[in-house]
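Here the structure is laid out as structure tokens; the discussion comes afterwards.
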2 protein chains.
Amino acid sequence: MSQAKIIDGNAVAADVRAAVASQITILRAGGAPLPGLAVVLVGADPASQVYVRNKNKRAAEVGINSFEHYLPAETSEAELLGLVERLNLDPQVHGILVQLPLPAQIDAQKILEAIHPAKDVDGFHPFNVGRLVTGGPALVPCTPLGCLLLAKRELGSLSGKRAIVLGRSNIVGKPMAQLLLRESATVTIAHSRTHDLPEECRRADIVVAAVGRPEMVKGDWIKPGALVLDVGINRIPAAEPGKTRLVGDVAFAEAVTVAGAITPVPGGIGPMTIAILLRNVLEACCRLHDLPFAEVL
Amino acid sequence: MSQAKIIDGNAVAADVRAAVASQITILRAGGAPLPGLAVVLVGADPASQVYVRNKNKRAAEVGINSFEHYLPAETSEAELLGLVERLNLDPQVHGILVQLPLPAQIDAQKILEAIHPAKDVDGFHPFNVGRLVTGGPALVPCTPLGCLLLAKRELGSLSGKRAIVLGRSNIVGKPMAQLLLRESATVTIAHSRTHDLPEECRRADIVVAAVGRPEMVKGDWIKPGALVLDVGINRIPAAEPGKTRLVGDVAFAEAVTVAGAITPVPGGIGPMTIAILLRNVLEACCRLHDLPFAEVL
């Protein structure tokens, strides 16, 4: 029985952050402005608060200025649109992130489309989505871009490789497929309506699992030697009564004996997301100020 | 040896135009404005002139007003941008089509991105491309939308069907893949770097060929009973010396004995494109005036 390489997402994320920090140091020495990230959180969801605190800490570490905007849960859509408009115009802010989900009285799509595309560090604005598809410069969603950089680091060129993306969300699956296509992989997008998912999966040199179903992808779905990127983060009951644990969308214990390389959960793709967000803030700042930007991996 | 159904694109296109015409008649009777299409042609390319004349004739037949703008080949980018801006503001114009290719001194992408997304009846603006991906209301490129409507007419639901799109152009391949995904097909995008294209192709229930290589897709690439949509229009030497003839990207004589249904070249997808353009002008007009729009097939 073979044993896949287990990709250490924490280590790669640290490399990304180090690359971002060193670019910022060099740019600042040349007189560039301090990159700034504005994070907007509406309501008091505890998980989101932890996440935003973590973002701010990581931003500070690499030399990115954080602006936090905590709004009450009853904030109106008009108020939030007003804040977004001020942030669009604020020269100290290069990236705007409105934490999802938003309360029911606010149309999330309307808010995302109000963020200036040049500051849309989540890459969710239709203009950036369209640019990613058609090939112009675009800010790209963090999680799939993290997956792509990991895949290129593991495999080098992706040209001609068969890739399957499991899941077709706007946040992961669809942009992931575009990124793999941009690298000239042969890309299949599979989802809940796909017939014989195991067979489709077994044909792939690269598997990206982003369906949100715990351990759905079994070991015998994996082509021997394939690269498996597990985006799922699912909380399930642990063996010990009353406890829970995190698992991915891939049955790791099985897949690790077949794959060539695999990301664990936790500690795989997860840590990449915030690291890539910081990368995106740097890219947005560079583009807004016509400064050079170098890819971070 | 079986014989596929040969899809009569001219007949389907006529159905589309009839549906557009009848919707316009009903809307006009209710006091709606005359839908207007502005076509901009820079330079005197004879093929483009024929195409534009054909568009105008078809538009008039269904009750769409045409505004033609013939500009000299030496038109500057600023002049063309100025015209686009006037058309964006013109209340009589609901669709703007800038005929490609444009002369070298004009950045085509800049022009396409200057067209107001609500009047972008070619569906090439990144905002519409992004909306197509993420699921909001969007104007969609004419040729792939024509293919999709044909596929739904032939097969009914596309959910769970395996589709392969050969070619990854911004005009056909990429939007085609998004449209098929939207209908819950399992979609593979293949291209020049794909390994073993015949094998990939043989797995598909729906084949869309848009690579621009004459008769590349052979009969034994086709799964028996599959639907084959041939977007290619290639001119090759005919048997008679000095003559030429049009062929698609599919070796029709072979494929017709294997497929379940197939579009010929000429007379398949080709006639659909202008018909769908008229549909798009109607849709743009309806959205701009908050009028109901019904799908045409």
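For the reader, a short list of remarks on this structure follows.
- Calculated on alpha-carbon atoms, Rg and Dmax of segment B:224-278 in Å: 12.8, 39
- For the pair residue A:196 and residue B:78, a Förster radius of 45 Å applied to the C-beta separation gives a FRET efficiency near 0.20, rounded to the nearest 0.05.
- Calculated FRET efficiency for the pair residue B:220/residue A:233, C-beta based, R₀ 60 Å, to 0.05: 0.85
- Computed from Cα positions, the angle between helix A:270-288 and the longest principal axis of chain A comes to roughly 40 degrees.
- Under the Karplus curve 6.51 cos²θ - 1.76 cosθ + 1.60, θ = phi - 60°, whole-Hz ³J(HN,Hα) for segment B:198-211, x wherever Gly or Pro sits: x, 5, 4, 5, 5, 7, 8, 7, 10, 10, 10, 9, 9, 10
- Entries in B:57/B:110; B:161/B:223; A:174/B:161; A:161/A:218 that, when Cα-Cα distance is taken, lie over 24 Å: B:57/B:110
- Principal-axis tilt of helix B:46-62 within chain B, Cα atoms, nearest 10 degrees: 80 degrees
- In nanometres and ascending order, the distances from the residue A:10 label point to those of the other copies are 7.0 (point 7 Å from Cα along Cα→Cβ).
- For segment B:31-116, the ratio of Cα radius of gyration to the globular rule of thumb 2.2 N^0.38 Å stands at 1.08.
- Considering only A:69, A:195, A:116, the mean-square fluctuation computed in a Gaussian network model of chain A, springs between alpha carbons under 10 angstrom, is largest for A:195.
- Kirkwood hydrodynamic radius (C-alpha pairs) into Stokes-Einstein, chain A, 4 °C and 1.567 mPa s, D in µm²/s: 65 µm²/s
- Per residue, the convex hull volume that the Cα atoms of segment B:199-245 enclose (Å³): 84 Å³
- Virtual spin-label span in nm between residue A:86 and residue A:244, 7 Å along Cα→Cβ: 3.5 nm
- Taking amide H atoms as placed 1.01 Å from N in the peptide plane, the amide H of residue B:217 lies under 5 Å from those of B:250, B:251, each 5 or more residues away in sequence or on another chain.
- Distant-in-sequence amide H partners of residue A:38 (H built 1.01 Å from N, under 5 Å): A:67, A:94, A:95, A:96, A:97
- When DSSP beta bridges are restricted to pairs lying wholly in chain A, around 10% turn out antiparallel.
- Springs join every pair of Cα atoms under 10 Å in this Gaussian network model of chain B, and among B:122, B:205, B:220 the largest mean-square fluctuation is at B:220.
- Expressed in units of 2.2 N^0.38 Å, where N is the residue count, the Cα radius of gyration of segment B:142-270 is 0.99.
- In summary, segment A:83-193 shows an alpha-carbon radius of gyration equal to 1.18 times the 2.2 N^0.38 Å reference for compact globular proteins.
- Amide H contacts of residue A:71 (H built 1.01 Å from N, in plane; Pro and chain starts excluded): A:41, A:42, A:43 sit under 5 Å, all sequence-distant by 5 or more or on other chains.
- Most simply put, the protein assembly as shown has about 15% antiparallel DSSP beta bridges, counting only bridges with both residues inside it.
- Computed from phi, the 3J(HN,Hα) profile of segment B:135-141 under the Karplus parametrisation 6.51, -1.76, 1.60 (θ = phi - 60°) reads x, x, x, 8, 7, 10, x Hz, with x in place of Gly and Pro.
- When the alpha-carbon atoms of segment A:8-154 are used, the pair Rg, Dmax equals 16.0, 46 angstrom.
- Degrees separating the helix B:77-89 axis from the principal Cα axis of chain B, which is the longest one: 80 degrees
- Starting from the label point of residue A:50 at 7 Å along Cα→Cβ, the same points in the other copies fall at 6.7 nm, in ascending order.
- Distance in nm between pseudo-label sites at residue A:25 and residue A:2 (7 Å out along the Cβ direction from Cα): 3.9 nm
- Accessible surface of chain B [probe 1.4 Å, protein heavy atoms]: carbon and sulfur percent: 55 percent
- Within the listed set B:40, B:121, B:165, the residue fluctuating most in the Gaussian network model of chain B (springs between alpha-carbon atoms under 10 angstrom) is B:40.
- Pairs of alpha carbons in the protein assembly as shown whose separation is greater than 30 Å (percent): 58 percent
- Interface B-A: total buried accessible area of about 3000 Å², 1.4 Å probe, protein heavy atoms only.
- Approximating the spin labels as points 7 Å out from Cα along Cα→Cβ, the residue A:10-to-residue B:159 distance works out to 4.4 nm.
- The residues of chain A expose, per residue, 40 Å² of accessible area to a 1.4 Å probe.
- Label point of residue A:68 (7 Å along Cα→beta-carbon): distances to the other copies' equivalent points are 6.4 nm, sorted ascending.
The values are calculated or read from the model by the stated rules, or taken from the named source; none is laboratory data. Values in this document were obtained by computation on a predicted structure and should not be read as measured data. A quick note on method: Cβ atoms are made from the backbone with ideal geometry, for glycine too, and the neighbour counts reach across all protein chains shown. Note: accessible area is taken over every heavy atom of the protein model, side chains too, but ligands, DNA and RNA are not part of it. Shrake-Rupley method; radii C 1.70, N 1.55, O 1.52, S 1.80 Å.
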